[in-house]
Amino acid sequence: MGTLELLWELQEHDNNLKDIKLKLEEISNGKRIKELLMGLEDTENRLNSLEKRLEANEYRLNKNNLILRDLDYKLKETERDLYEGNILDIKQLSYLDKERDTIKGKIDEKEIEILQQMEEMDSLKEEFIRILQDFKQLKSEYIELIEKYKFIVEDLKTKAQEERREKDKISRQIQEDILVMYAKLKNTRGNALAEIIDNRCSGCNVLLPTIVIDKLKDTDTLIYCENCGRILYPNKSTLMC
């Protein structure tokens with residue numbers, strides 16, 4: 001294999017390594033992973049907020065049930081005094097009658113308040129269950145994606161090692177001064193070699209002189225594009241006559 005073919009293969013391995021590096025960077029900066037993490041954090045905060053609201057509502061509900069129980073006890077005591085005939089004073093009876101009505105009003109208000117609190121509790125619990133399901137789904141998707149990325153990363157690292165081995169193997173067959181020139185062009189131009197397509201340099205698209213095309217058909221000598229400085233690579237299957 002001539003020097004030009006070796007350089008072309010070397011460049012292909014370099015480009016493959018570049019693609020692998022980009023894919024690894026894309027995974028490490030994965031947009032979907034960040035979206036899932038933000039979603040998990042937001043959902044967890046909502047669950048914590050709902051849990052606190054449920055606790056506060058339950059505390060108020062228990063407190064109101066105690067108040068209702070006390071009111072029921074006072075109502076029974078008042079009705080006992082009214083109906084057992086122990087009190088004969090008209091004013092006292094009138095007072096107890098009004099007190100009974102007042103207590104009944106408070107009981108009605110408290111029962112309505114308790115019912116509203118119970119409805120709110122049921123609504124909060126339903127919302128909590130729904131958000132908890134969303135959280136579990138997001139977490140499952142996150143874990144699955146992480147596992148998938150681990151497999152992809154390991155595969156890419158294995159391919160990168162193979163590409164480096166091939167690079168080393170090819171580099172040992174190329175003269176040191178040519179490798180230095182190749183590295184310099186790669187650093188400044190991205191690609192050191194440019195394939196000739198339709199008699200043009202694919203690196204800068206300049207039309208190449210016929211004499212250059214003819215020379216490339218029959219020699220392995222390195223010829224550089226006069227416009228961009230890249231090493232010209234003649235693909236014998238597509239090179240125009």
Residues being more than 21 Å from residue 175 (Cβ to Cβ), in contact (Cβ under 8 Å) with a residue 24 or more places away in the chain and of a type in the set (A, V, I, L, M): count how many of those fall in region 197-238. 3
For residue 143, indicate whether it is closer than 30 Å to residue 38 by Cα, within 60 Å of the chain's Cα centre (by Cα) and in the same structural domain as residue 34 (by TED's automatic domain parsing). yes
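Taking the options 14, 42, 19, name whichever one is part of a helix (DSSP H, G or I) and closer than 30 Å to residue 218 by Cα.
On the way: 42 fails: closer than 30 Å to residue 218 by Cα; 19 fails: closer than 30 Å to residue 218 by Cα.
Matching residue, one of 14, 42, 19: 14.
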Single residue of 62, 16 found to be under 30 Å from residue 111 (Cβ atoms) and either surrounded by fewer than 11 Cβ atoms within 10 Å (Cβ to Cβ) or of a type outside the set (Asp, Glu) (or both): 62
Can you find even one residue in region 135-144 that is farther than 26 Å from residue 19 by Cβ, surrounded by fewer than 14 Cβ atoms within 10 Å (Cβ to Cβ), touching a residue at least 40 places away in the same chain (Cβ under 8 Å) and not hydrophobic (A, V, I, L, M, F, W, C)? no
Residue check: is residue 127 among the acidic types (Asp, Glu), under 30 Å from residue 44 (Cβ atoms), touching a helix residue (DSSP H, G or I) at 6+ places or on another chain (Cβ under 8 Å) and assigned by TED's automatic domain parsing to the domain that holds residue 49? yes
Pick out the one residue from 186, 217 that is in contact with an Asp or Glu (Cβ under 8 Å, 6 or more places away or on another chain) and not aromatic (Phe, Trp, Tyr). 186
For the list (1) free of Cβ contacts under 8 Å to residues at least 60 places away in the same chain; (2) farther than 21 Å from residue 141 by Cβ; (3) not small (Gly, Ala, Ser), I need the number of the one condition that residue 35 fails. (2)
Taking region 155-197 only, how many residues are among the β-branched types (Val, Ile, Thr) and either assigned to a helix (DSSP H, G or I) or under 38 Å from the mean Cα position of the chain (by Cα) (or both)? 5
List every residue pair whose Cβ atoms lie under 8 Å apart, where the two residues are 6 or more positions apart in sequence or sit on different chains, the first residue falls within region 14-27 and is under 17 Å from residue 170 (Cα atoms) and touching a residue at least 40 places away in the same chain (Cβ under 8 Å), and the second residue, located anywhere, is surrounded by 14 or more Cβ atoms within 10 Å (Cβ to Cβ) and of a type in the set (S, T, N, Q). 15/191
Without any contact (Cβ under 8 Å) to a residue 24 or more places away in the chain and either among the acidic types (Asp, Glu) or in a helix (DSSP H, G or I) (or both): is that true of residue 130 in this structure? yes
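When you go through 201, 241 one by one, which is the residue that is modelled with pLDDT under 90 and not assigned by TED's automatic domain parsing to the domain that holds residue 54?
Values: 201 fails: modelled with pLDDT under 90.
Just one listed residue meets the conditions, 241.
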Being among the acidic types (Asp, Glu) and under 27 Å from residue 130 (Cβ atoms) narrows it down to one residue among 35, 79; which is it? 35
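The values are calculated or read from the model by the stated rules, or taken from the named source; none is laboratory data. These numbers were taken from a predicted model, which means no experiment stands behind them. Counting neighbours? That spans all protein chains shown, and the Cβs are built from the backbone with ideal geometry, glycine included.
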